[in-house]
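Following: one structure in structure tokens, then a few remarks.
Where a number appears in this text, it was derived from the coordinates with a stated rule and is not lab data. Everything quoted here is computed from the prediction, not taken from an experiment. Here the Cβ positions follow ideal geometry from the backbone for every residue, glycine too, while neighbour counts run over all protein chains shown.
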Amino acid sequence: MEHVDFSLVDWSRAQFALTAMYHWLFVPLTLGLSIIIALMESLYVKTGNPEWKRITKFWMTLFGINFAIGVATGIILEFEFGTNWSNYSWFVGDIFGAPLAIEGIMAFFLESTFIAVMFFGWNKVSKKFHLLSTWLVAIGANLSALWILVANAWMQFPTGMKFNLDTARNEMVNFWDVIGSPVALNKFSHTVLSGYLLAAIFVIGISAWFLLKNREQLFAKKSIIVASIFGLVSSLLVIFTGDGSARNMAKYQPMKFAAMENLYIGQQNAPLAAIGFLQKNKTETDPKKQDFLFKIEIPNMLSYMAFLDPNAYVPGIHDLVKGNEEHNILSYKERSERGEVVINSLADYKNAKKAGNDSLIQLSLSKFRKNYPHFGYGFYANRDVNELIPNVPVTFYSFRIMVGLGFHFILLFIVILILTLKNKVEKKRIVLYTALWTIPLAYIASELGWVVAEVGRQPWVIQDVLPTIAAVSQIKSSSVQLTFWIFFIIFTGLLIAEIKIMTTQIKKGPAN
Amino acid sequence: MFETLSYITLQQYWWIIISLLGAILVFLMFVQGGQTLIYTLGKSEDERTLLVNLLGRKWEFTFTTLVTFGGAFFASFPLFYSTSFGGAYWVWLLILIAFVVQAVSYEYRKKPNNLFGKKTFEILLFINGLLGTVLIGTAVATFFTGSEFLIDKMNITKLTGGKMPIISEWTGPANGLEAALNFQNISLGIAVFFLSRVLALLYFMNRIKNTEIMERVKKQLIYNAIPFVVFFLIFTIWLILSPGFAVNPISKVVFIEPYKYLHNLLSMPIVSILFLFGILMVLVGIIRPITCFTKCGTKGIWLTGIGTILTVFSLLLIAGFNNTAYYPSTFDLQSSLTIENSSSSQYTLTVMSYVSLLVPFVIAYIWYAWRSIDNKKIDIEEINNETHIY
């Protein structure tokens, strides 16, 4: 009899992916625009120029429209860990719950308290207190990103915890390891900065539209200057932190890295396929050297990107699945057998405890500890280990499109900043149109970043510890299917409403 | 400083925090109650806008408290999060959906070209007010009446056979919706609904300068206070008389004890005092404005609000303290959750306890920010002069 209800697992995944991707449509703009607004209001307070107040208020209105729907999609995510991933909630809740609670106490209240002052306090509080409130909203939004990304990073690189056999779960042993892990710091900066970049493009694109319509020239140019400087600085930091992400991935999630690079056979001096088209129907059991229909390679680059050493060995999908003795890589089959030993020794331990058999307790405990790093693989002991390979084309293409668009954004920031400073931008209609049409591209790049991060780590909910098949809630898959469609309809309806409201407000322009 | 506390003390400390958060949440649900009164109290467009905007400046606090309540419950009692959310799936999902639609409704209601029209967003606010309060009240009542679920942590070691390696399983027929068919549960749900409306009315009295609306508020206060008191009494009397889910402190075996919740009240005199004092404050806060409306109406929200916090706080302490299973399973008594068997590790509770020290600071800045923008009563004219209105 089939042990796993795949329909349930897949619908649960689909529902989480749906909510996460909808949520991520709105969050990056909140993260970045909150700072851009705060910068603009700072200029207003510093210069006393009412034009800056007008500019600030316009972008603030758009911020409010976007913020509301971000909140709406966010609440589901938090509770879905319980509703759809109940095993997960128990198995690692001791570690994972803390950042969520801290996010609420530290960040959400800050955001929600001062957002009221920001919107309703213009004539009621002093200029300085209002500015402080605007900054506190920005800080609150970014702090909330910090905690949820710490939590996400921990799933990608679990650390600071130990399995407790008596409670049958992982327990936190070092909080600082959890929040200070290299993956957490990098993930936070890369993700938040990408949000800044998106917000900068949003502001530039809309300002470009005003210039194209010959409206609000001063407003548009001032907005472009603030946003393009902010965007340029952010995008350079995005490259820097993206580089860090790749290295972390190579080190802690080699399968995700290999999938992202379509690397089947590991090698030293591995080249990077800057551009490539994949062959269809590849599986790890059929690893030919020729994995691409077409590619443009940069020699040694992949080795360098992964380990800062052009000679370094980068393992491929085949090496990870089949094992590679020379490079000390255990095969997935071996790991799943060891994982089975761990899981069985947990059962033995519990039975020995019940029976009061001390020697068996010690024996199962030592077996358990020795093999624990393979725990999650145990769930694949009687399964096809190829299930442990993520979707290669999706991660490969997503990564390349994201990076490619990233370079386009940087170029746009530079060009538009120079043109605006030279006071020529309104004449360059091509640049203005490009800026406008770059808005959707920024959203695509941003979503693809999450696709790389999340599709690439499948099937692990927690890397090497808990796969999706052992993390879900035991509910009818038809229930999850139904809620999936309910959310789909609600979110899509709200998104359309949001876009309509947003475009109407933009067309109205800043108030006089 | 928290390192020196024993495990059980930390577990109790966290149950106190969760209870307090839950209590504050019920108080703040005056926003939900108010959302169900927009058309009852507001007869013209301007009046309705005034009401919506007064609620709109507070909705995020209720929302944020709900989210924080969830996060804190997850961090401190993960087995509850895992069992209840994953099991009573439909109840929690309906509550969530009710809050999803609320989050956009204020901001989008009056915005031009909002696709669905103003009325739709007002209906969504009503749905949030109705479902949010009734279902949360119903869900909390299951802390006393129990649910049908089974927990076996050893399921995680099941690698073969027909079962998935999942530790908790809901055996109730409708994934939580069955709770709404239980009269005790639903009576608390209805009590919470009417309480939230009463609190909203008292909030409006405190904030609005408009004689026509105030006349309607006064009438509504009586209409809503009566069903609240009736349903709350039904629930409370039933609670005091009913058997409860006790835990043997030595063997940790869960068993049914007659008059358990009455025993809890009697053996925890401070909780009893809080409970009775809370109920008294709730009632005085309601009755005073009815009897001397113009003079003493504005303070009612504080009396009834703090009374609500005290009452709900002590109810949740009765559910979890004094060797009681706070989330009982009627399907398998030994699967019931207690604050001891469902909590996080001592280390995590210690870390989280340090984080809890931020709470007074958070309350202080919320207070300060509220005062700075809400320093006097509001009328229609003032709302219409605002640059940002809902």
Burial ordering of A:379, B:69, B:2, B:63, fewest other beta-carbon atoms within 10 Å first = B:2, B:69, B:63, A:379
query = Can you work out the FRET efficiency for the pair residue B:177 and residue B:367, with r the C-beta to C-beta distance and R0 = 35 Å, to the nearest 0.05?
reply = 0.35
request  = Just report the Cα centroid separation between the range B:103-177 and the range A:441-504, whole Å.
outcome  = 18
message = Let me confirm one metric for peptide A:492-501, namely the mean number of other chain beta-carbon atoms within 10 Å of its residues' beta-carbons.
response = 5
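Lysine pairs in the range A:332-385 8 or more apart or on different chains: how many have alpha carbons under 21 angstrom apart?
For the range A:332-385, qualifying lysine pairs total 7.
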inquiry  = Charges on Cβ only, +1 for Lys and Arg, -1 for Asp and Glu, centred on the Cα centroid of chain B; of B:20, B:344, B:318, which one is farthest towards the dipole's positive end?
reply    = B:20
request  = In nm, give the distance between the simple-model label positions of residue A:174 and residue B:256, each being 7 Å from the Cα along the Cα-to-Cβ direction.
outcome  = 5.1
key: At least 27 Å along the helix axis (C-alpha) and Kyte average at least -1.0, DSSP helices within chain A   = A:6-47, A:50-83, A:127-156, A:182-212, A:217-252, A:392-421, A:429-455, A:477-508
message = Using alpha carbons only, how many angstrom separate the centre of the range A:235-273 from the centre of the range B:1-26?
response = 44
query = What residues from the range A:72-108 fall in the zone where the backbone N is under 20 Å from a label point 7 Å along the Cα-to-C-beta line of residue A:165?
reply = A:91-92
inquiry  = Please compute the length gained on full extension between residue B:222 and residue B:375, using 0.36 nm multiplied by the number of residues separating them and subtracting their Cα-Cα distance.
reply    = 52.3 nm
task = Please work out the Kirkwood hydrodynamic radius for the protein assembly as shown, using every pair of different C-alpha atoms, and report it in angstroms with one decimal place.
result = 29.1
note = Treating only Lys and Arg (+1) and Asp and Glu (-1) as charged, each at its beta carbon, one finds that chain B has a dipole about its Cα centre, in Debye to the nearest 20, of 780
query = Spin-label point model (7 Å from Cα, Cβ direction): what's the residue A:239 to residue A:424 distance in nm?
reply = 2.3
task = Mind telling me which of B:259, B:368, B:203 comes out most flexible in a GNM of chain B, alpha-carbon contacts under 10 Å?
result = B:368
task = Please compute the net charge surrounding residue A:220, taking Lys and Arg as +1 and Asp and Glu as -1 over other residues with Cβ under 11 Å from its Cβ.
result = +2
Two-site label geometry, residue B:340 and residue B:123: point separation in nm, points 7 Å out along Cα→Cβ = 5.2
key: Relative contact order [Cα under 8 Å, 6+ residues apart], chain A, whole percent   = 20
ask   = In a GNM of chain B with a 10 Å cut-off on Cα contacts, which of B:78, B:258, B:360 has the highest mean-square fluctuation?
value = B:360
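Membrane-span-like helices in chain B: DSSP H runs reaching 18 Å or more (Cα, own axis), mean Kyte hydropathy at least -1.0?
Flagged H segments are B:7-28, B:59-76, B:89-109, B:118-145, B:183-207, B:211-241, B:269-291, B:300-320, B:358-373.
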query = Picking from B:229, B:49, B:259, whose Cα lies most toward the positive end of the charge dipole for chain B (charges on Cβ: Lys, Arg +1; Asp, Glu -1)?
reply = B:49
The range A:375-481: trypsin sites (Lys or Arg not before Pro) in DSSP coil with no more than 12 other Cβ atoms inside 10 Å = A:422, A:424
ask   = Averaged across the residues of B:58-65, what count of C-beta atoms belonging to other chains lies within 10 Å of each residue's C-beta?
value = 5
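Quick one: of A:53/A:428; A:500/B:110; B:43/B:209; A:162/B:252; A:500/B:118, which pairs are farther than 23 Å apart, Cα to Cα? Write out the running numbers ahead of the final one.
Details: A:53/A:428 28 Å; A:500/B:110 13 Å; B:43/B:209 15 Å; A:162/B:252 25 Å; A:500/B:118 14 Å.
Violating the 23 Å Cα-Cα cut-off are A:53/A:428; A:162/B:252.
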task = Could you calculate the FRET efficiency of residue A:512 with residue B:9 from 1/(1 + (r/R0)^6), where r is the beta carbon distance between them and R0 is 56 Å, rounded to 0.05?
result = 0.35
ask   = Within the range B:1-27, whose backbone N sits under 20 Å from a point 7 Å along Cα→Cβ of residue B:267?
value = B:7-16
task = With a Förster radius of 51 Å, plug the Cβ-Cβ distance of residue B:160 and residue A:293 into 1/(1 + (r/R0)^6) and report the FRET value to the nearest 0.05.
result = 0.80
task = Please work out the Cα center distance from the range B:303-356 to the range A:109-124, rounded to the nearest Å.
result = 33
